[in-house]
Amino acid sequence: MHARTQIRNDIVGCLSTSLPEGVGVIASRRLPLTPQDLPRVLVYTDHEQSEIYNESPRVTKNTLDLTIEILVSDSEATERKLDDLCFATESALSAMILENTCISKIVLKSTTIDSSTQTENLLGIAKMVFEVIYLTEYSNDYLHLVDFESPQMEIH
């Protein structure tokens, strides 16, 4: 499993147990949603930079932009709901025990709050971008073939 996949899974696991009951968390960029699905948290990765950390054995230091997108039904309480879920997300990730993950460091870079009218239902959206740093050590092992035909998407 690639480290990005493991990081997304670790973040989804952390948020699934930390956010209020009824908030669905999924490692996916896009997902068809109905009003009954909200509130929903999407966890995905956007951009990654790598640099050589060590030549022998070969290790790279990777800096990953991890996005956590929070979606709620638009109402008079949208701003409060988004702020509450952003705070809960920040709190959960700052308390996350990194020793059990491949993550060396995780820091909030930015938060954008907006609304969307692209669907028939109005949505309140908070987009939080975290900088995640992790190391990758390369070996001579070859990757095993992966079944790309069956997506493994779980909603927690």
Notebook entry, point to check: With charges only on Cβ, +1 for K and R and -1 for D and E, what is the dipole size of the stretch 1-50 about its Cα centre, in debye, rounded to 20?
Noted result: 140
Notebook entry, point to check: Helix-derived [θ] at 222 nm for the chain: sum -39500 (n - 2.57) over DSSP H runs of at least 4, divide by residue count, nearest 500?
Noted result: -7500 deg cm²/dmol
Margin query: Nothing charged except the Cβ atoms of Lys and Arg (+1) and of Asp and Glu (-1): what's the magnitude of the dipole of the stretch 53-127 about its Cα centre? Round to the nearest 20 debye.
Written below: 460
Check: Hey, what angle do you get for helix 3-18 against the long axis of the chain, alpha-carbon based, 0 to 90 degrees rounded to 10?
Finding: 40
Check: Which of 133, 60, 1 sits closest to the plus end of the dipole of the stretch 1-147, meaning its Cα is farthest towards the positive end, when Lys and Arg get +1 and Asp and Glu get -1 on the C-beta?
Finding: 60
Next item on the list: Using a 10 angstrom cutoff on alpha carbons, build the Gaussian network for the chain and name the most mobile of 127, 81, 109.
Entry: 109
Margin query: Tell me the angle of helix 78-95 to the major Cα principal axis of the chain, expressed in degrees between 0 and 90 and rounded to the nearest ten.
Written below: 30
Item checked: Gain upon complete extension [residue 33, residue 47; 0.36 nm per residue less C-alpha separation] -> 2.6 nm
Item checked: residue 108/residue 9 FRET efficiency (R0 25 Å; Cβ-Cβ; nearest 0.05) -> 0.80
Check: Taking 0.36 nm per intervening residue step and subtracting the Cα-Cα distance, what contour gain separates residue 73 from residue 98 on full extension?
Finding: 5.8 nm
Notebook entry, point to check: Extension gain residue 58-residue 135, at 0.36 nm per residue separation less the Cα-Cα distance, in nm?
Noted result: 26.7 nm
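Where a number appears in this text, it was derived from the coordinates with a stated rule and is not lab data. Being a predicted model, the structure only gives us computed values, none of them experimental. Neighbour counts run over all protein chains shown; Cβ positions are idealised from the backbone, glycine included.
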